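The values are calculated or read from the model by the stated rules, or taken from the named source; none is laboratory data. This one's a predicted model, so the numbers in the text were calculated from it and none came from an experiment. For neighbour counting, all protein chains shown are included, and Cβ atoms are generated from backbone atoms with ideal geometry for every residue, glycine included.
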Amino acid sequence: MVEQIRRESRNYFCILATGEHFNVDQCVQSVPLRPSSVWRRGEMRNGSVAEHNGLQIDMGDGDKLDAAEQQVLAAEFLESNRDAVRLLIAAPGVTTCYLGLQESVCIDSLGSIMDISPRLMKVLLELELQLTIWSCTVGSAET
């Protein structure tokens, strides 16, 4: 079983893989990537009961790294771990697998724009890995 890492923030950008019939224990043994957390259907996860099995590989804190820095780190990780990421995506039972980036938006702003670098787009397309972007609201720009 993989130890869960205690986080100061829940705003990590990561690779996440889930599936109702995803055998996370077998995947952890066969895929040479170290997950930050592993969960099974029925266990508590982020304050609610998990509906699927899954694992998460954290790459950094989205509160501390801006979008451009997250993309550089993600592209480097994906480029140097292509084969292992392909194994994860193809693992039996995986129905959803994505790279999740996080962006902070001031609560009093009209919105935000996140440009995705050509380098990151290229490696995501090569791997056929989905991209998900979380926008998290933060305090007022005047505070």
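Condition test on Val85, is it in contact (Cβ under 8 Å) with a residue 60 or more places away in the chain, in a loop (DSSP other than H, G, I, E, B) and surrounded by 11 or more Cβ atoms within 10 Å (Cβ to Cβ)? No: the conditions fail for Val85. Close contacts from region 33-48, counting a first residue that is more than 18 Å from Cys14 (Cβ to Cβ) and a second that is surrounded by fewer than 17 Cβ atoms within 10 Å (Cβ to Cβ) and acidic (Asp, Glu), with Cβ to Cβ under 7 Å and a gap of 6+ residues or different chains, come to Arg41/Glu20; Arg41/Glu51. For region 41-51, check the following and say yes or no: at least one residue is touching a His at 6+ places or on another chain (Cβ under 9 Å) and basic (Lys, Arg). Yes, there is a match, as at least one residue in region 41-51 is touching a His at 6+ places or on another chain (Cβ under 9 Å) and basic (Lys, Arg). Looking at the structure I just gave you, is Ala68 closer than 30 Å to Asp115 by Cα, among the small types (Gly, Ala, Ser), out of contact with any strand residue (DSSP E or B) (no Cβ under 9 Å at 6 or more places or on another chain) and modelled with pLDDT under 95? For Ala68, the condition - closer than 30 Å to Asp115 by Cα, among the small types (Gly, Ala, Ser), out of contact with any strand residue (DSSP E or B) (no Cβ under 9 Å at 6 or more places or on another chain) and modelled with pLDDT under 95 - is met.
If you check Glu103, Glu79 for being of a type in the set (Asp, Glu), at pLDDT 95 or above, under 17 Å from the mean Cα position of the chain (by Cα) and surrounded by 14 or more Cβ atoms within 10 Å (Cβ to Cβ), only one passes: Glu79. Looking for something of a type in the set (A, V, I, L, M, F, W, C) and either farther than 18 Å from Leu131 by Cα or in contact with a Pro (Cβ under 9 Å, 6 or more places away or on another chain) (or both) - is there at least one such residue anywhere in region 61-70? No, region 61-70 contains no residue that is of a type in the set (A, V, I, L, M, F, W, C) and either farther than 18 Å from Leu131 by Cα or in contact with a Pro (Cβ under 9 Å, 6 or more places away or on another chain) (or both). Residues in region 94-133 that are in a loop (DSSP other than H, G, I, E, B), over 19 Å from Asp83 (Cβ atoms) and in contact (Cβ under 8 Å) with a residue 24 or more places away in the chain: Thr95, Ile107, Asp108, Ser109, Met114, Asp115, Ile116, Ser117. Summed over region 39-63, residues that are under 17 Å from Val85 (Cβ atoms) and of a type in the set (Val, Ile, Thr) total 1. In the set (1) within 14 Å of the chain's Cα centre (by Cα); (2) farther than 19 Å from Pro35 by Cα; (3) among the charged types (D, E, K, R), the condition left unmet by Glu128 is number (1). Looking at Ser135, is it exposed (fewer than 15 other Cβ atoms within 10 Å of the Cβ), farther than 13 Å from Cys14 by Cα and touching a helix residue (DSSP H, G or I) at 6+ places or on another chain (Cβ under 7 Å)? Judged against the criteria, Ser135 is not a match. If the condition is being assigned to a loop (DSSP other than H, G, I, E, B), surrounded by 12 or more Cβ atoms within 10 Å (Cβ to Cβ) and among the polar types (S, T, N, Q), then region 27-62 contributes only Ser36.
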